[in-house]
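What follows is a short report on a single structure.
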Amino acid sequence: MIYTPRERVLAAMNLQKPDRVPLMCQFSIGAMMQQLKPSPAEFWYDGEVFARGLVELRERFNFDGILVSLHGHSPDWKKDVLEIRDLEAGRQEVVFRDRTELHSWSDLPMVYQLEKRVPADISEINPEKDIPSVIDYIPVSAGLYFKIDQEHKFDIFSYLSEITGGKYSVHGEITSPFDYLLDLLGYEQGLISLIMDPDKCKVILEKFAAGIGDLAEEMCGCDIDAIKISSPFAGMGFISPEHYEEFVLPYERAIISRIRAKGKHVYIHTCGHIDDRLELMRDSGASGLECLDPAPVGNVDLKNAFERIGKSMFIKGNIDSVYSLLYADDAKAESDVLNIIETGRRGDGFILSTACSIAPMVTKERILMLSRLVSRAGIYLP
């Protein structure tokens, strides 16, 4: 039986084996920029331009699915722009009243605020008044926010469904309450506050979890198969397993249960070293787990991960985007990917992917290699 790309990904997320291992990598913004060379500001702010770029990348590299990392684009985004300055090729300055943004083909936009945002002091926060009930922004990176237009929160999913005909597995993305907490307090003070004022942190996390859960539930009404929870700061480089169980797991579990109740899959994305908390992540109730970075970026052995959690979660990973795709020679790059495909084929639910996002400077030839190898070595025997 030959599966459609969407059926292939759905089978893997249901812990089944389709005709071959599905392939679905997530692109960093920098990787998208390097491959497409669009107008940087327009690609970031215009939902239709962004959607067409996602589809073009899927077509170019023969992926089975599309991850929508940004949603809620405003069709009137230019109304607040004072000026767009074209610099040298691939660089633009976008001037707003309160900030200037530098957009480029290199990576995420850089933001220069006229008034520097000062992280909140936890002692001064009133969770009922200061934590929004409606989540209207994505904390993309330190100082970088993507505003969610409340009138156009999910337009991109409708547009993708229209132009792809539902042939590919489309996944949405939300951000963990833990990330919102760290963004609110600042990373250093946020981590200190877990120790100095844990009860207040939990009240804040609960409020964020309620708002993010509302957003996720509404997203489930779109033509998508899964939602990814971006939770990059929950690895052992930041917090202990005990703090993970106390400050991350309950709040992600609350959101996950709401998504699963709507009949959609949900998976957790946590970068880096997570070997010491795989079972805790399984206990969240998530359908799957993404990244599982191998050494040296992380410390997860794929075979061991399948033995520990592979009967209850699909696994999406775990190609090292830096040391296998970017820096390795051709022989090592191909050998690394083939070993991962072989290990993944033995599991119940596996999607071949880079562990974290495709690094910005990975060449098109290296990305094309993935579909060539998975088509050759990822076939499931009847």
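Numbers below:
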read-out	value
Whichever residue in segment 169-200 is farther than 18 Å from P232 by Cα and in contact with a Gly (Cβ under 9 Å, 6 or more places away or on another chain) and, among such residues, is surrounded by the most Cβ atoms within 10 Å (Cβ to Cβ)	S169
So M33, is it buried (at least 20 other Cβ atoms within 10 Å of the Cβ), hydrophobic (A, V, I, L, M, F, W, C), touching a residue at least 60 places away in the same chain (Cβ under 8 Å) and over 30 Å from G349 (Cα atoms)	yes
Segment 61-89 residues that are more than 30 Å from R372 (Cα to Cα) and touching a residue at least 12 places away in the same chain (Cβ under 8 Å), paired with ones that are part of a strand (DSSP E or B) and aromatic (F, W, Y) (beta carbon under 6 Å, 6 or more apart)	D80/F96
Qualifying residue in segment 45-57 (condition: surrounded by fewer than 18 Cβ atoms within 10 Å (Cβ to Cβ), within 26 Å of G166 (Cβ to Cβ) and either out of contact with any helix residue (DSSP H, G or I) (no Cβ under 7 Å at 6 or more places or on another chain) or of a type in the set (S, T, N, Q) (or both))	yes
Count of segment 353-381 residues which are part of a loop (DSSP other than H, G, I, E, B) and either small (G, A, S) or within 25 Å of T270 (Cα to Cα) (or both)	9
Residues of segment 147-182 classified as over 30 Å from I122 (Cα atoms), part of a helix (DSSP H, G or I) and in contact (Cβ under 8 Å) with a residue 24 or more places away in the chain, total	9
Options K303, K262: the member that is surrounded by fewer than 17 Cβ atoms within 10 Å (Cβ to Cβ), closer than 29 Å to E217 by Cα and of a type in the set (K, R)	K262
Pairs with Cβ under 7 Å, 6+ apart, first in segment 116-134 and farther than 15 Å from G211 by Cβ and at pLDDT 90 or above, second surrounded by 10 or more Cβ atoms within 10 Å (Cβ to Cβ) and basic (K, R)	I122/K200
Residue in segment 303-311 that is in contact with a helix residue (DSSP H, G or I) (Cβ under 7 Å, 6 or more places away or on another chain) and either within 28 Å of E56 (Cα to Cα) or among the hydroxyl-bearing types (S, T, Y) (or both) present	no
Output for segment 341-368, where each listed residue is within 14 Å of I319 (Cβ to Cβ) and free of Cβ contacts under 8 Å to residues at least 40 places away in the same chain	E342
Total residues in segment 296-318, condition closer than 14 Å to D348 by Cα and either among the aliphatic types (A, V, I, L, M) or assigned to a helix (DSSP H, G or I) (or both)	10
One residue from I204, I192 being farther than 24 Å from S257 by Cβ, part of a helix (DSSP H, G or I), among the hydrophobic types (A, V, I, L, M, F, W, C) and at pLDDT 95 or above	I192
Subset of segment 62-78 [touching a Pro at 6+ places or on another chain (Cβ under 9 Å), assigned to a loop (DSSP other than H, G, I, E, B) and crowded, with 22+ Cβ neighbours inside 10 Å]	F63, D64
Cβ-Cβ under 6 Å pairs, at least 6 apart or on other chains, segment 285-311 side under 21 Å from R260 (Cβ atoms), far side surrounded by fewer than 24 Cβ atoms within 10 Å (Cβ to Cβ) and basic (K, R)	G285/R253; I309/R282
Segment 309-328, residues that are closer than 23 Å to M13 by Cα, crowded, with 16+ Cβ neighbours inside 10 Å and not β-branched (V, I, T)	G310, S312, M313, F314, K316, G317, N318, D320, S321
Hey, V297 surrounded by 17 or more Cβ atoms within 10 Å (Cβ to Cβ), at pLDDT below 95 and more than 20 Å from I148 (Cβ to Cβ) or not	yes
From A226, A209, A234, residue being in contact with a Pro (Cβ under 6 Å, 6 or more places away or on another chain) and of a type in the set (A, V, I, L, M, F, W, C)	A209
Segment 220-276, subset part of a helix (DSSP H, G or I) and in contact with a Ser or Thr (Cβ under 8 Å, 6 or more places away or on another chain), residue farthest from V297 (Cα to Cα)	R260
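A quick yes/no check of all residues on (1) surrounded by 16 or more Cβ atoms within 10 Å (Cβ to Cβ); (2) over 16 Å from the mean Cα position of the chain (by Cα); (3) among the charged types (D, E, K, R); (4) closer than 23 Å to A209 by Cβ:
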| residue | (1), (2), (3), (4) |
| --- | --- |
| C222 | yes, yes, no, yes |
| A234 | yes, no, no, yes |
| H243 | yes, yes, no, yes |
| I268 | yes, no, no, yes |
| L278 | yes, yes, no, yes |
| D283 | no, yes, yes, yes |
| E307 | no, yes, yes, no |
| D330 | no, yes, yes, no |
| D336 | yes, yes, yes, no |
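The values are calculated or read from the model by the stated rules, or taken from the named source; none is laboratory data. Computed from a predicted model, the values in this text were never measured in an experiment. Neighbour counts run over all protein chains shown; Cβ positions are idealised from the backbone, glycine included.
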